[in-house]
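To keep things clear, I will list the structure first and then write my remarks on it.
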Amino acid sequence: MSAPWPAVAVAPGWYPDPVDARFVRWWSGREWTGHVQGAIASPAPPAVRRDIRTGTVWIWLVTLSPLLSTATLFVWNIPADVDVLLHDIARQAYDTGPFDTTILSIVATRGLIWYLIVLAVSALVYAAGVAMSARDAAVLRRRGVVDPFPWAWAFLSGSIYVIGRTVIARRRTGSDLGMLWVEIGLIVLVNVLVVVWLVVILMSIGATVASLSGGVISSV
C-alpha cells in the first residue's frame with residue numbers, strides 16, 4: 001500500500017482503509033499491509049419495545065413523596081403561638097415584676113419539636129426515595145427495558161430520577177411523558193404551598209404587631 005499514514009506514531013491495528021472506507025486494513029506500525037476485512041459496523045441502537053409496561057408503584061411513590069415532607073410544615077400552628085407569645089411579651093412590658101419566660105419556653109419547645117419532626121420526615125423521605133428509585137429501576141430491567149435511567153441520580157434528587165427515568169423510558173419503550181408532567185406539576189404545587197405558608201405566617205405576625213402597636217399608642 002502506498003497510501004501514507006500521518007506523521008505520528010500509530011500503534012498496529014485495524015484502521016479504516018485509506019483507499020476504500022467500506023473496509024478496514026491492518027496497519028503494522030510502519031506501513032499498511034495486504035490484510036483487509038469488512039468494516040466493523042457500529043452497534044444498532046436498541047429496538048423500541050412498545051410491549052413493555054413502564055408504570056410501577058415505586059415511581060408513583062417517588063413522585064408523590066415530597067408531599068409528605070411539605071405536609072410537616074403545617075404540623076405546628078406558628079401564627080397562633082407567635083400571637084400568644086407577642087401578647088405575653090407586650091403584657092409583661094408594663095409589669096414591674098420579673099419577666100416570666102413560661103410561655104416563651106412553651107413556644108420554643110414546640111418549635112424545636114416541630115423542627116425535629118421536619119428533619120426526621122425529610123430524612124426518611126429522602127432515604128425511601130433512593131430505595132424506591134433503585135427498586136423501580138430493577139423492575140424496569142426485569143421487564144426488559146435496556147439501560148434504564150440510573151437510579152443513583154436519586155441521591156441528588158428524586159425529581160431528577162423521575163424526570164430522567166421518564167425520558168429514557170420513552171426512548172426505550174415509546175411510553176408517554178405523563179409522569180414527567182405529574183412531577184413538574186407537583187414541584188410547582190409544593191413551591192406554591194411553601195410560599196403561601198410563609199405569606200400567611202408573615203401576615204399574621206404583621207397583624208399582631210400592628211394591633212399591639214395600636215394598643216400602645218391608644219394607651220399613651
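The values are calculated or read from the model by the stated rules, or taken from the named source; none is laboratory data. All figures in this text were calculated on a predicted structure; none of them were measured in a lab. For neighbour counting, all protein chains shown are included, and Cβ atoms are generated from backbone atoms with ideal geometry for every residue, glycine included. These area figures cover heavy atoms from the full protein model, side chains too; ligands, DNA and RNA do not enter into them. Shrake-Rupley method; radii C 1.70, N 1.55, O 1.52, S 1.80 Å.
Do we find a residue being open to solvent by less than 70 Å² (accessible area, probe 1.4 Å), of a type in the set (Phe, Trp, Tyr) and over 27 Å from the mean Cα position of the chain (by Cα) anywhere in region 31-41? Yes, that holds for at least one residue. Being open to solvent by less than 60 Å² (accessible area, probe 1.4 Å), within 32 Å of the chain's Cα centre (by Cα) and acidic (Asp, Glu) holds for only one residue in Asp136, Asp88, and it is Asp136.
May I ask you to verify whether Leu67 is within 25 Å of Val192 (Cα to Cα) and surrounded by fewer than 16 Cβ atoms within 10 Å (Cβ to Cβ)?
yes
Screening the candidates Arg142, Arg171 for the property of being among the charged types (D, E, K, R) and touching a residue at least 40 places away in the same chain (Cβ under 8 Å) yields one hit, Arg171.
Just one of Pro148, Pro98 is free of Cβ contacts under 8 Å to residues at least 40 places away in the same chain, open to solvent by less than 30 Å² (accessible area, probe 1.4 Å) and not in a helix (DSSP H, G or I); which is it?
Of Pro148, Pro98, the one residue that is free of Cβ contacts under 8 Å to residues at least 40 places away in the same chain, open to solvent by less than 30 Å² (accessible area, probe 1.4 Å) and not in a helix (DSSP H, G or I) is Pro148.
Looking at Val199, Val162, can you tell me which residue is modelled with pLDDT of 95 or more and exposed (fewer than 13 other Cβ atoms within 10 Å of the Cβ)?
None of the others qualify; the one that does is Val199.
Close contacts from region 60-82, counting a first residue that is more than 14 Å from Met203 (Cα to Cα) and a second that is acidic (Asp, Glu), with Cβ to Cβ under 6 Å and a gap of 6+ residues or different chains, come to Thr63/Glu183.
If you go through region 62-76 one residue at a time, do you hit one that is modelled with pLDDT of 80 or more and over 30 Å from Val182 (Cα atoms)? Checked region 62-76: no residue is modelled with pLDDT of 80 or more and over 30 Å from Val182 (Cα atoms). Residues in region 146-158 that are at pLDDT 95 or above and of a type in the set (Ser, Thr, Tyr): there are none.
Every residue in region 86-107 that is touching a Ser or Thr at 6+ places or on another chain (Cβ under 9 Å) and among the aliphatic types (A, V, I, L, M), please. The one that is touching a Ser or Thr at 6+ places or on another chain (Cβ under 9 Å) and among the aliphatic types (A, V, I, L, M): Leu86. Within region 168-195, if we keep just the residues that are modelled with pLDDT under 95, assigned to a helix (DSSP H, G or I) and more than 22 Å from Gly129 (Cβ to Cβ), the residue that is least open to solvent (accessible area, probe 1.4 Å) turns out to be Thr173.
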